[in-house]
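Some notes on the structure that comes next.
The values are calculated or read from the model by the stated rules, or taken from the named source; none is laboratory data. Bear in mind that the values here come from a model prediction, so they are computed numbers and not experimental data. Cβ coordinates were reconstructed from backbone atoms using ideal geometry, including for glycine residues, and neighbour counts include every protein chain displayed.
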Amino acid sequence: MKAIKLSVPIFFILFSAVFLIASFNLPKASLGNPNAPIYFPAGLSIIMLIFSIIYLFQELKKLDKENKYIKQMLSGRTPKLIGFTILLGVIYAFVFDRIGFLYSTILYLGGLLFYINGIKKWLVNIIVTVAFSFLSWYAFSVLLGVSLP
Amino acid sequence: MDGSSFMEGLFISLEPMNILWIIIGGFLGTIVGMLPGLGPATAVAVLIPVTFGMEPVSAIILMAAIYYGAMYGGSRSSILINTPGDGSAIAATFDGYPMAKKGQAGEALAISAVASFIGGLIAVVGFIFLAEPLANFALEFGPAEYFLLMLLTLSAIVALSIGKMVKGFLAMMLGLTLSTVGIDTQTGVYRFTMDIPHLSEGIDFLIVIIGVYAIGEVLYNLLTIDQEKKEKKKVGKVWFTKEQWKRSKWPILRSGPIGFLIGVLPGAGGSIASMISYTTEKQISKKPEEFGEGAPEGLAAPESANNAASVGAMIPLLTMGIPGSGTTAVMLGALIMLGLRPGPLLFEQQPETAWALVNSMFIGNIALIIINILLVGLLVKILDTPAKVLYPIIVLLAFIGTYTLSYSTIDFFLLLIFGFFGLFLKVMDFPLAPLVLALIVGGEMEQNFRKALLSSDGSLDIFFSSGVSIVLFALTVASLLYPLIFKFFKRRNQAKKTDRISKSS
């Protein structure tokens with residue numbers, strides 16, 4: 001839990017530090033003040049860095065205090081649920097253009113429903129997957145004119 | 001107010017197709033708003049793709065209907081299953097759920113719908129009188145005033161997240177820094193694009209919005225999905241008794257204007273409006289002990305106020321182009337994408353669009369009260385649909401929505417990254433509205449800041465050169481000091497209480 005608690009302020013510190021360095025490495029403008037594109041992001045990065053450090057100290061102070069959401073995130077099958085939803089999303093992104101909207105959506109929605117809703121409710125899962133995949137294809141592709149693969 | 005533009009707007013909003021969109025939007029919004037944990041911002045974000053290919057006027061009418069629908073929907077789940085759809089529906093649980101427990105679910109739903117309807121109407125009238133003068137006033141704003149107005153909006157939204165201001169600032173700074181990615185429009189310099197052509201036009205804020213609000217919220221709701229309560233509610237006749245109406249009517253009429261004015265203020269929204277109206281009614285009530293036990297006025301007041309606030313929040317969005325809340329920020333993003341630029345010029349250059357929207361609010365409120373009273377049986381059935389089935393559908397809608405933005409699956413990865421990031425922010429109790437708001441107004445904010453400095457040859461005096469800019473600056477400082485003042489008074493009250501207790505013992 002402590003690692004997760006600290007990961008967010010550390011992410012912000014790293015993000016603002018990288019952004020600050022990148023701001024000073026931005027190309028100079030050929031029109032007007034050459035440093036004009038730099039001021040705003042550099043200023044923001046400095047302020048963000050200051051707030052990130054304050055936030056780190058705030059988190060360090062209450063490091064032992066329990067965060068029920070982090071606890072929930074790490075308990076039971078929740079990490080698997082979150083991981084699977086993201087992993088399936090990545091696979092969906094890879095196969096979407098290759099096998100087309102309808103097939104990839106049936107696979108994605110079906111997979112997600114079977115995993116989240118359980119295999120016992122297979123009939124509901126199949127009906128919802130097929131019905132919703134066709135319905136969304138019809139609504140977006142035919143009614144709204146969105147070109148789907 | 002220009003009468004002919006108003007009438008033209010009325011005719012546009014009365015076109016059969018637009019009425020149909022209002023009904024569809026209201027219904028869809030009600031459904032998404034009813035889902036526990038998902039509020040109006042998610043409803044609008046997920047349903048943005050539905051507006052693609054539509055006429056901008058119809059699109060804005062549809063989005064507004066989704067927004068109000070979600071506000072109505074949020075309180076359905078508060079009353080029936082004690083689970084608010086979002087922050088603004090929390091107050092509806094205080095007395096709405098106890099009413100449902102006492103077997104008065106039908107009465108509670110009817111009071112909530114009628115209160116929302118009247119609150120919405122009061123606010124629309126307020127909108128008609130306030131919008132145009134405010135738009136005319138905003139026409140005189142220069143870049144310095146605009147920059148300060150955006151700064152005020154951002155600082156107000158951060159300051160109102162009491163107890164987590166540092167997190168609010170971080171979210172805001174993150175949004176602002178992300179808004180600098182892409183080509184700098186004033187000099188043509190590529191900033192932080194990492195040689196990825198996809199980033200040259202910047203990070204599409206709609207992807208961030210859909211990622212954070214739709215994917216992030218669903219992932220967050222997965223934390224408790226296995227603990228979902230299964231509570232079947234029987235709803236009898238959806239109407240209230242004479243006695244209940246007698247107790248509710250004045251609280252409704254008082255809370256409407258309160259909610260509207262709070263909604264107009266940047267940063268404040270339905271949550272604050274409903275809480276303030278609830279506590280006000282409790283304080284002035286002759287039966288304060290009944291509050292929390294199922295008092296009809298305890299439900300009517302916040303419902304009237306939060307719906308009025310949702311209309312009020314549209315004023316800064318449409319007249320100045322400055323969204324005052326997370327949901328209106330999402331709407332601004334969608335409107336820009338549709339080619340509409342909300343701001344003072346909207347009322348001057350496209351008055352029929354602006355007035356069509358205002359008129360559609362009247363029709364939308366009528367449609368929603370019908371949906372929420374006549375179709376209550378259907379809505380209760382939808383509420384019975386397990387979240388385990390609905391959340392995967394929402395995730396899928398988020399993917400389809402993202403695809404329709406750029407027809408590129410690269411954005412799916414960005415969507416997942418922002419969704420996962422959104423989950424972390426929610427878990428660590430970060431407010432999301434400052435991030436989204438800053439990302440959307442960040443580009444304009446920087447450009448106005450630089451334009452102001454260009455016009456003054458680099459002198460910062462430009463930000464204190466007019467009465468408006470001085471007032472805006474003072475308000476920004478005041479909004480930042482507000483949490484300190486709040487803390488001070490809270491401590492003083494606590495000290496007084498302890499003092500009294502120790503004296504009496």
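Here are the numbers for the structure shown:
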{"read-out": "Selection within region B:419-452 - among the small types (G, A, S), more than 9 Å from chain A (Cβ to nearest Cβ) and closer than 30 Å to A:K68 by Cβ", "value": "B:G422, B:A433, B:A438"}
{"read-out": "Set B:G120, B:G103: member being assigned to a helix (DSSP H, G or I), under 28 Å from B:K282 (Cβ atoms) and more than 14 Å from chain A (Cβ to nearest Cβ)", "value": "B:G120"}
{"read-out": "Residues within region B:210-229 that are within 14 Å of chain A (Cβ to nearest Cβ) and at pLDDT below 65, tallied", "value": "1"}
{"read-out": "Any hit, region B:390-397, residues being among the β-branched types (V, I, T), outside any helix (DSSP H, G or I), surrounded by fewer than 22 Cβ atoms within 10 Å (Cβ to Cβ) and within 14 Å of another protein chain (Cβ to nearest Cβ)", "value": "no"}
{"read-out": "Some residue of region A:79-86 being exposed (fewer than 14 other Cβ atoms within 10 Å of the Cβ), β-branched (V, I, T) and closer than 30 Å to B:Y391 by Cα", "value": "no"}
{"read-out": "Any chance B:A144 is at pLDDT 85 or above and within 30 Å of B:F464 (Cβ to Cβ)", "value": "yes"}
{"read-out": "Pair list, Cβ < 8 Å and 6+ apart or interchain, from region B:198-213 residues that are of a type in the set (F, W, Y) to residues that are at pLDDT 80 or above and part of a loop (DSSP other than H, G, I, E, B)", "value": "B:Y213/B:L432"}
{"read-out": "Yes/no for A:D64 being of a type in the set (D, E), at the interface with another protein chain (Cβ under 8 Å from one of its Cβ atoms) and over 19 Å from B:I215 (Cβ atoms)", "value": "no"}
{"read-out": "Residues located in region B:403-418, provided they are under 16 Å from A:I91 (Cα atoms) and either within 7 Å of chain A (Cβ to nearest Cβ) or part of a helix (DSSP H, G or I) (or both)", "value": "B:Y403, B:T409, B:I410, B:D411, B:F412, B:F413, B:L414, B:L415, B:L416, B:I417"}
{"read-out": "Candidate set: region A:112-139, residues that are small (G, A, S) and facing chain B (nearest Cβ under 9 Å); chosen: the one nearest to A:K80 (Cα to Cα)", "value": "A:G118"}
{"read-out": "Tally of residues being surrounded by fewer than 24 Cβ atoms within 10 Å (Cβ to Cβ) and without any contact (Cβ under 8 Å) to a residue 60 or more places away in the chain across region B:85-102", "value": "2"}
{"read-out": "Matching residues, region A:59-78, being part of a helix (DSSP H, G or I) and surrounded by 15 or more Cβ atoms within 10 Å (Cβ to Cβ)", "value": "A:E59, A:Y69, A:I70, A:Q72, A:M73, A:T78"}
{"read-out": "Residue in region B:169-187 that is farthest from the other protein chains (Cβ to nearest Cβ), counting only those that are surrounded by fewer than 18 Cβ atoms within 10 Å (Cβ to Cβ) and modelled with pLDDT under 85", "value": "B:T185"}
{"read-out": "Some residue of region B:347-370 being part of a helix (DSSP H, G or I) and within 14 Å of chain A (Cβ to nearest Cβ)", "value": "no"}
{"read-out": "Unmet requirement for B:L460, which otherwise passes all of (1) at pLDDT below 75; (2) in contact with a helix residue (DSSP H, G or I) (Cβ under 9 Å, 6 or more places away or on another chain); (3) among the aliphatic types (A, V, I, L, M)", "value": "(1)"}
{"read-out": "Checklist (1) within 11 Å of another protein chain (Cβ to nearest Cβ); (2) in a helix (DSSP H, G or I); (3) more than 24 Å from the chain's Cα centre (by Cα); (4) surrounded by fewer than 19 Cβ atoms within 10 Å (Cβ to Cβ) applied to A:S147, failing item", "value": "(2)"}
{"read-out": "Which listed residue, of A:A36, A:A42, is more than 8 Å from chain B (Cβ to nearest Cβ), surrounded by 14 or more Cβ atoms within 10 Å (Cβ to Cβ) and more than 25 Å from the chain's Cα centre (by Cα)", "value": "A:A42"}
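Rundown of residues vs (1) hydroxyl-bearing (S, T, Y); (2) free of Cβ contacts under 8 Å to residues at least 40 places away in the same chain; (3) at negative phi, yes/no style:
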{"site": "A:L26", "(1), (2), (3)": "no, yes, yes"}
{"site": "A:I50", "(1), (2), (3)": "no, yes, yes"}
{"site": "A:E66", "(1), (2), (3)": "no, no, yes"}
{"site": "A:T85", "(1), (2), (3)": "yes, yes, yes"}
